[in-house]
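Novice: Pasting a structure below so you can have a look.
The values are calculated or read from the model by the stated rules, or taken from the named source; none is laboratory data. Keep in mind it's a predicted model, so treat the numbers as computed, not measured. All Cβ positions, glycine included, derive from the backbone under ideal geometry; neighbour counts span all protein chains shown.
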Amino acid sequence: MNDWPTNRLGSLPIVRAGMEDSAVAFIRLALERRGAGGRPFYSTSANGQVIALCEHDANFRSMTRQADQIHADGMSVVIFSKLSSSKPLPERVATTDLVHAVAERAAEAGVSFYFLGASEEVNARAVENMSKAYPGLRFAGRHNGYFDRAEEEAVVQAINAAAPDILWIGFGVPLEQQFVVRNINKLHNVGLIKTSGGLFDFLAGSKRRAPNWMQRMGLEWLYRMILEPRRLTTRYLTTNPVAIYAMLRHSLRAFSASR
């Protein structure tokens, strides 16, 4: 899938792929890499926060661009692509939706998951709920996200011993990107890595998704801000303007270069 076309949004190449195409490709890539050893395929996502961080943090930008694939996990990114490109991104590929599309196919294909991140309670409940929702879905293992750097090597060894086809990592930005960059060449028994943000909280039921009509209108960010005003209001007010500026600047630069 890293050969798929991309749209340049801000400083990142965002893959021009929809939900179904992405889920099918995840299964194919995971099976192709099963038992092959070497570096796993690495998929991450970008929303306004990620694009803003990439704009003023060169180290984070470098880490993010090491991914084989970057999905649009933010409606602002998709909407801007529709306004600025004749070949826009087809849709938002939110990890909270992608995991279900992949799980449905994984249960049929025998592709295994590993959940890494969140608290012990949330992680265990996320695995339990997904196992109930998708009979036949196999979990190679799981581990909470509460470990320090001194324990990291043991966690990596445990993941390799479990040999999952797809490793979902939910530490949040930028901790999950830092973990992947440090360890991707050590995770030789993993087929595919997907950074997942706060995915496990939603799967466990600790946090609620926005109503479907708000998701369709691209207003999930507003719903989340209403639920967590102290944490998210400042984040959205500080990152979204920077992200819009970054996407505009890079778009105008590309337009000028093409003239």
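Novice: If you check ASN189, ASN212, which single one turns out to be modelled with pLDDT of 70 or more, more than 19 Å from the chain's Cα centre (by Cα) and farther than 26 Å from GLU91 by Cβ? Show your work before the answer.
Specialist: Details: ASN212 fails: farther than 26 Å from GLU91 by Cβ.
None of the other options fit; the residue is ASN189.
Novice: From the list SER196, SER131, SER119, exactly one residue is among the small types (Gly, Ala, Ser) and under 15 Å from the mean Cα position of the chain (by Cα). Which is it?
Specialist: Exactly one residue qualifies, and that residue is SER196.
For (1) within 30 Å of ARG231 (Cβ to Cβ); (2) modelled with pLDDT of 95 or more; (3) of a type in the set (Ser, Thr, Tyr), each residue gets a yes or a no:
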{"position": "MET1", "(1), (2), (3)": "no, no, no"}
{"position": "GLY10", "(1), (2), (3)": "yes, no, no"}
{"position": "PRO13", "(1), (2), (3)": "yes, yes, no"}
{"position": "GLY35", "(1), (2), (3)": "no, no, no"}
{"position": "ARG39", "(1), (2), (3)": "no, yes, no"}
{"position": "THR44", "(1), (2), (3)": "yes, yes, yes"}
{"position": "ALA52", "(1), (2), (3)": "yes, no, no"}
{"position": "ASN59", "(1), (2), (3)": "yes, yes, no"}
{"position": "GLN69", "(1), (2), (3)": "yes, yes, no"}
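Novice: Would you point out the residue of the range 89-111, among those that are acidic (Asp, Glu) and in a helix (DSSP H, G or I), that is surrounded by the most Cβ atoms within 10 Å (Cβ to Cβ)?
Specialist: Among those that are acidic (Asp, Glu) and in a helix (DSSP H, G or I), it is ASP97.
Novice: Okay, next question. Is it the case that the range 33-49 has a residue that's over 16 Å from the mean Cα position of the chain (by Cα), buried (at least 16 other Cβ atoms within 10 Å of the Cβ) and not basic (Lys, Arg)?
Specialist: no
Novice: Grab the helices (runs of 4 or more DSSP H) fully contained in the range 1-88, keeping just those with 2 or more residues being under 19 Å from LYS194 (Cα atoms).
Specialist: Details: elements: 19-33, 48-56, 58-64, 75-84.
Helices (runs of 4 or more DSSP H) meeting the threshold: 19-33, 48-56, 58-64.
Novice: Report, by residue number, each residue of the range 125-158 that is among the basic types (Lys, Arg) and closer than 19 Å to GLU176 by Cβ.
Specialist: Of everything in the range 125-158, those that are among the basic types (Lys, Arg) and closer than 19 Å to GLU176 by Cβ turn out to be ARG142, ARG149.
Novice: Is there a residue in the range 145-153 that is of a type in the set (Asp, Glu), over 19 Å from the mean Cα position of the chain (by Cα) and either surrounded by 21 or more Cβ atoms within 10 Å (Cβ to Cβ) or not in a helix (DSSP H, G or I) (or both)?
Specialist: Yes, there is a match, as at least one residue in the range 145-153 is of a type in the set (Asp, Glu), over 19 Å from the mean Cα position of the chain (by Cα) and either surrounded by 21 or more Cβ atoms within 10 Å (Cβ to Cβ) or not in a helix (DSSP H, G or I) (or both).
Novice: So which residues in the range 195-205 are under 29 Å from ILE184 (Cα atoms) and in contact with a helix residue (DSSP H, G or I) (Cβ under 8 Å, 6 or more places away or on another chain), if there are any at all? Talk me through it step by step, then tell me what you get.
Specialist: Of all residues in the range 195-205, those under 29 Å from ILE184 (Cα atoms) come to 195-204.
Answer for the range 195-205, where residues must be under 29 Å from ILE184 (Cα atoms) and in contact with a helix residue (DSSP H, G or I) (Cβ under 8 Å, 6 or more places away or on another chain): THR195, SER196, GLY197, LEU199, PHE200, ASP201, PHE202, LEU203, ALA204.
Novice: Just checking, which of VAL181, VAL173 is at pLDDT 95 or above and farther than 16 Å from GLY74 by Cα? Quick ask: steps written out before the conclusion?
Specialist: Working: VAL173 fails: farther than 16 Å from GLY74 by Cα.
It is VAL181.
Novice: While we're looking at this one, here's another question. With the structure loaded, tell me whether PHE41 is of a type in the set (Phe, Trp, Tyr) and touching a Cys at 6+ places or on another chain (Cβ under 9 Å) or whether it fails that test. Quick ask: steps written out before the conclusion?
Specialist: On the way: of a type in the set (Phe, Trp, Tyr): yes; touching a Cys at 6+ places or on another chain (Cβ under 9 Å): no.
The answer is no for PHE41.
Novice: Based on what the data block shows, is GLU128 assigned to a helix (DSSP H, G or I) and among the acidic types (Asp, Glu)?
Specialist: yes
Novice: Here's a follow-up. Just one of the numbered conditions (1) under 19 Å from the mean Cα position of the chain (by Cα); (2) of a type outside the set (Gly, Ala, Ser); (3) more than 24 Å from PHE171 (Cβ to Cβ) is not true of LEU83; which one?
Specialist: Just one mismatch for LEU83, condition (1).
Novice: Can we say VAL127 is buried (at least 19 other Cβ atoms within 10 Å of the Cβ) and closer than 15 Å to ALA23 by Cβ?
Specialist: no
Novice: Going residue by residue through the range 57-74, is there one that turns out to be crowded, with 18+ Cβ neighbours inside 10 Å, out of contact with any Lys or Arg (no Cβ under 9 Å at 6 or more places or on another chain), farther than 30 Å from ALA109 by Cα and of a type in the set (A, V, I, L, M)?
Specialist: Yes; the residues of the range 57-74 include at least one that is crowded, with 18+ Cβ neighbours inside 10 Å, out of contact with any Lys or Arg (no Cβ under 9 Å at 6 or more places or on another chain), farther than 30 Å from ALA109 by Cα and of a type in the set (A, V, I, L, M).
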